[in-house]
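**Q** Got a structure here, written out as structure tokens. Questions coming.
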Amino acid sequence: VIGYHGNQLRWYDDLVGGPARTNQFNPRFLNLVGTRYLIGPANAFPEGYFGPKPVVPAISFGQVSILRNENALPRAFFVDSFRVIPERKDITPLILNGSSDLRTLAYFEEDPGMPPSTPSPSDSAWVISHAVDSVLVGVNCAHDRLMVLTDVYYESWHITIDGNPAKLLRADEAFRGVVVPRGSKEVKFTYNSPRYRTGRLITWLTSLYVLVIIGLYVIPGLRKAPTGKPSES
């Protein structure tokens with residue numbers, strides 16, 4: 001949950017607490033990013049630390065346990081309402097220290113363009129497939145709904161809903177949001193970056209150039225290598 005390699009996108013780095021990772025044990029942050037399992041002593045967290053559902057040992061290894069947190073949010077989910085906060089960094093304290101239920105309310109930097117939705121017990125969202133450059137989410141909603149996917153937001157992610165383009169929104173400071181029309185079946189996130197394609201092309205051309213240069217120097221040298229003469233008796 002602290003990031004892939006210490007060079008994650010700024011908005012996620014700000015949320016986790018910068019290089020010092022000061023927020024990595026914040027319960028609201030951990031719930032939001034779907035931290036369902038933790039490692040530590042069975043009594044590592046006080047009762048109610050993560051929410052109303054208890055954190056219980058799933059497996060114990062002596063004094064250390066794998067703890068299951070049932071308060072963690074799913075990777076994709078619908079919210080019932082939203083608030084617009086124009087400045088991204090103003091959302092951070094609301095995420096970490098606020099009292100709102102992040103399962104039902106999301107924060108956006110711009111108006112998503114829809115009234116508060118009417119939840120239905122049958123509404124649901126679930127991840128069908130998750131690859132490096134694409135995520136497919138199945139949806140079932142009786143009304144227009146706001147969906148949050150807790151994968152990190154970046155402008156090069158593009159959305160189609162049942163094949164039709166949709167607008168990518170930044171939700172809860174660092175994640176992806178989208179308005180899902182009622183009756184939709186699938187929401188697809190696809191990574192498409194011109195800079196990435198250009199960089200990949202340059203890498204391939206450079207690799208090809210290096211191989212050609214090596215071939216020009218190595219192959220003639222092999223052809224000119226002296227052959228040993230048979231010894232005379």
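The values are calculated or read from the model by the stated rules, or taken from the named source; none is laboratory data. As the structure is a computational prediction, the values presented were derived from the model and not from experiment. Every residue, glycine among them, receives a Cβ derived from its backbone with ideal geometry; neighbour counts consider all protein chains shown. When the accessible area is computed, the model is the full protein with side chains, heavy atoms only, and any ligands, DNA or RNA have been set aside. Shrake-Rupley method; radii C 1.70, N 1.55, O 1.52, S 1.80 Å.
**Q** When the stretch 91-132 is examined, which residues are found to be acidic (Asp, Glu), open to solvent by 30 Å² or more (accessible area, probe 1.4 Å) and either touching a helix residue (DSSP H, G or I) at 6+ places or on another chain (Cβ under 9 Å) or within 20 Å of Asn71 (Cα to Cα) (or both)? Before you say what the answer is, go through the steps one by one.
**A** Going through the stretch 91-132, the residues acidic (Asp, Glu) turn out to be 101, 109-111, 123.
If we keep only those that are open to solvent by 30 Å² or more (accessible area, probe 1.4 Å) as well, we get 101, 109-111.
Hits for the stretch 91-132 are Asp101, Glu109.
**Q** Moving on to the next point. Does any residue of the stretch 184-194 turn out to be among the basic types (Lys, Arg), in a strand (DSSP E or B) and touching a residue at least 60 places away in the same chain (Cβ under 8 Å)?
**A** First, pick out the residues of the stretch 184-194 that are among the basic types (Lys, Arg): 185, 188.
In the following step, the residues that additionally are in a strand (DSSP E or B) were identified as 188.
Now restrict to residues that are touching a residue at least 60 places away in the same chain (Cβ under 8 Å): none.
Among the residues of the stretch 184-194, not one is among the basic types (Lys, Arg), in a strand (DSSP E or B) and touching a residue at least 60 places away in the same chain (Cβ under 8 Å), which makes the answer no.
**Q** Given the criteria touching a residue at least 40 places away in the same chain (Cβ under 8 Å), touching a strand residue (DSSP E or B) at 6+ places or on another chain (Cβ under 8 Å), under 30 Å from Val187 (Cβ atoms) and not hydroxyl-bearing (Ser, Thr, Tyr), does Ala76 qualify? Spell out how you get there, then give the answer.
**A** Values: touching a residue at least 40 places away in the same chain (Cβ under 8 Å): yes; touching a strand residue (DSSP E or B) at 6+ places or on another chain (Cβ under 8 Å): yes; under 30 Å from Val187 (Cβ atoms): yes; not hydroxyl-bearing (Ser, Thr, Tyr): yes.
Yes, satisfied.
**Q** Go through the stretch 103-144 and give me each residue that's in contact with a strand residue (DSSP E or B) (Cβ under 6 Å, 6 or more places away or on another chain) and of a type in the set (A, V, I, L, M).
**A** Answer for the stretch 103-144, where residues must be in contact with a strand residue (DSSP E or B) (Cβ under 6 Å, 6 or more places away or on another chain) and of a type in the set (A, V, I, L, M): Leu105, Ala106, Met114, Ala125, Val127, Ile128, Val135, Leu136, Val137, Val139.
**Q** Please enumerate the residues belonging to the stretch 162-199 that are open to solvent by 10 Å² or more (accessible area, probe 1.4 Å), of a type in the set (A, V, I, L, M, F, W, C) and closer than 16 Å to Trp126 by Cα.
**A** Once the filter is applied, which keeps residues that are open to solvent by 10 Å² or more (accessible area, probe 1.4 Å), of a type in the set (A, V, I, L, M, F, W, C) and closer than 16 Å to Trp126 by Cα, the stretch 162-199 yields only Val179.
**Q** Return the residue satisfying two criteria in turn: it lies in the stretch 1-12 and is open to solvent by 30 Å² or more (accessible area, probe 1.4 Å) and part of a helix (DSSP H, G or I), and of such residues it is nearest to Leu105 (Cα to Cα).
**A** Step by step, filter the stretch 1-12, then rank; the result is Trp11.
**Q** Condition (residue is touching a residue at least 12 places away in the same chain (Cβ under 8 Å) and closer than 19 Å to Leu168 by Cβ) applied to the stretch 91-103: is it met by at least one residue?
**A** Yes: one or more hits.
**Q** Just for strands (runs of 3 or more DSSP E) wholly inside the stretch 53-140: which have at least 1 residues that are under 22 Å from the mean Cα position of the chain (by Cα)?
**A** Working: elements: 55-61, 64-69, 76-79, 81-84, 105-108, 124-130, 134-140.
Hits in the stretch 53-140: 64-69, 76-79, 81-84, 105-108, 124-130, 134-140.
**Q** Residues that are within 19 Å of Ala106 (Cα to Cα), in contact with a Phe, Trp or Tyr (Cβ under 9 Å, 6 or more places away or on another chain) and in a loop (DSSP other than H, G, I, E, B): does the stretch 24-42 have at least one?
**A** Looking for residues that are within 19 Å of Ala106 (Cα to Cα), in contact with a Phe, Trp or Tyr (Cβ under 9 Å, 6 or more places away or on another chain) and in a loop (DSSP other than H, G, I, E, B), one finds at least one in the stretch 24-42, hence yes.
**Q** Within the set of pairs 6 or more residues apart or between chains, which connect a residue that is of a type in the set (Val, Ile, Thr) inside the stretch 40-62 to a residue that is open to solvent by 60 Å² or more (accessible area, probe 1.4 Å) with Cβ atoms less than 6 Å apart?
**A** Val56/Arg68
**Q** For the structure I just gave you, tell me whether Thr198 is at pLDDT below 80, under 28 Å from His158 (Cβ atoms) and out of contact with any Leu (no Cβ under 9 Å at 6 or more places or on another chain). Full working, then the answer.
**A** Values: at pLDDT below 80: yes; under 28 Å from His158 (Cβ atoms): yes; out of contact with any Leu (no Cβ under 9 Å at 6 or more places or on another chain): yes.
Here the answer is yes, as Thr198 does meet what is asked.
**Q** Now for a different question. For Asp101, indicate whether it is under 19 Å from Gly177 (Cβ atoms), at pLDDT below 95 and acidic (Asp, Glu). Before the answer, list the steps.
**A** Working: under 19 Å from Gly177 (Cβ atoms): yes; at pLDDT below 95: no; acidic (Asp, Glu): yes.
Taking the combined requirement at face value, the residue does not satisfy it.
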